[in-house]
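Comments concern the structure below.
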Amino acid sequence: MYRRALELIPGGVNSPVRAMRAVGLDEPLFVRRGEGAYIEDLDGNRYVDWVMSWGPLLFGHADHETIAAVVEAAERGTTFGAPTEAEVELAAEIVDAVPSVEKVRLVSSGTEAAMSAVRLARAHTARDRILKFAGCYHGHVDALLASAGSGVATLGLPSSPGIPTRVTEHTIVSPYNDVDAAAAAVARYGEGLAAIIVEPVAGNMGVVPPERGFLTALRRLCDGSGALLIFDEVITGFRVARGGAQERFGISPDLTVLGKIAGGGLPLAAFGGRSEIMDRLAPGGDVYQAGTLSGNPLATAAGLAVLRRLRDPHVYDELEARGARLEAALAPHGHVQRVGAMATLFMTDGPVRNFADAQACDTDRYGALFRHLLAHGVYVAPSQFECMFVSLAHGDEEIERTAQALADFDG
Ligand code: KE4
């Protein structure tokens, strides 16, 4: 199947990390089905799945309530390109859950949501510059695919061919968890700064929690410079708390980017914030943003089937308890960093405070760990720089299987 895929799809995959090259495999896993905390490959092998499609599946694969809602919606049509009641209901769930969001626009991917939030911030402030943090990923947006130049807080360099340098010249890249560097960047570029965008708990360099005072400092730097604070909560939204990291840490951003869990596993993402900012969007405002499948009836049905269940606070007690049990199982095998139901086992003595620390991990050893766990029926992220995602489908049995496979690895 991979040979056939390679003839038809670049690299045989529709997203690079799936190729599993970062963990030393020359052939990726092809999944036939998922069920609860498990996936099954084309050869019928079953694995405890800690990737869970990179975060969307808080109730596990093929969760019955979600499937039933999608089937019921599909029987009434799959897309209309016109407003539906479900879009309004999903918007209401998001507004009710996420403290800083008064209005929300639904889109189809996290990339689209981040791109739109940046455009809106630039319009609202009539400024061009964006400050982002090395190791944070906000989708493959031209302006945000910028890596740090030499030095600490520098104008970004395109991190991919095909991106004009004049696009990333407006992007400043600073080290995560470094308040002084961020303050220096704002002091140097602040008058032209439209926004600071940050993963409030970083997930794309492995789990790197914000150190005490980091998010508060970013809020203060935005207030002092007139820039907007954008929280990219595509991973953390509805995961680290019902109201995301902004609820957990008590910091209020100006715009929030959401995805993954918000769509219940279907293609849906969103961006939202105060009405005075969001109302700049077309058609009422002059900032253009659009999408054929935005608010798609199947995705909104899946999102509603999930988000409505998150009103039960026991959900987060359970996620925290299971996350803690996973952390205890991982701890003897490396340096673990966890926030709620997202964790990473780093091949280092730790701590991992930023991207440089993460890059210093023994990625060869992580690759060996990945291959060993896969051979023992446990599927973790095929990259050291990703998360393990705990769901309500992961119980003691799945954690025990993982602990046993890990014990064999060290043996
Ligand atoms: P998508 O465009 O992939 O839906 O979302 C982009 C995005 C935005 N913001 C954050 C914080 C994200 O983590 C992501 C996407 N996450 C990656 C894995 N960490 C998706 C996996 C992939 O690229 O295949």
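Any read-out appearing in this document is the output of simple, stated calculations on the displayed coordinates, not a laboratory observation. What you see is a predicted model; the values in this text were computed from it and never measured. Note that each Cβ is placed from the backbone with ideal geometry, even for glycine, and that neighbours are counted across all protein chains shown.
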*Once you have the alpha carbon radius of gyration of the chain, what is it after dividing by 2.2 N^0.38 Å, with N set to its residue count?*
0.95
*Work out the length of the dipole vector of segment 244-346 about its Cα centre, built from +1 on the beta-carbon of each Lys and Arg and -1 on the beta-carbon of each Asp and Glu, and round it to the nearest 20 debye.*
280
*asked:* Give me the extension gain from Arg166 to Thr79: residue separation times 0.36 nm, minus the current Cα-Cα distance, reported in nm with one decimal.
replied: 27.5 nm
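Using Cα-Cα distances under 8 Å and only pairs 6 or more residues apart, what relative contact order does the chain have, in percent?
After rounding, I find 22 percent.
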*segment 1-94: GluC sites (Glu not before Pro) falling in loop per DSSP and having at most 13 other Cβ within 10 Å*: Glu75
_Label-point gap, in nm, between His314 and Ile9 - each point 7 angstrom along Cα→Cβ_ = 3.9
*For Asp41 and Ala126, what is the calculated FRET efficiency with R₀ set at 51 Å and r taken between the beta-carbons, to the nearest 0.05?*
0.50
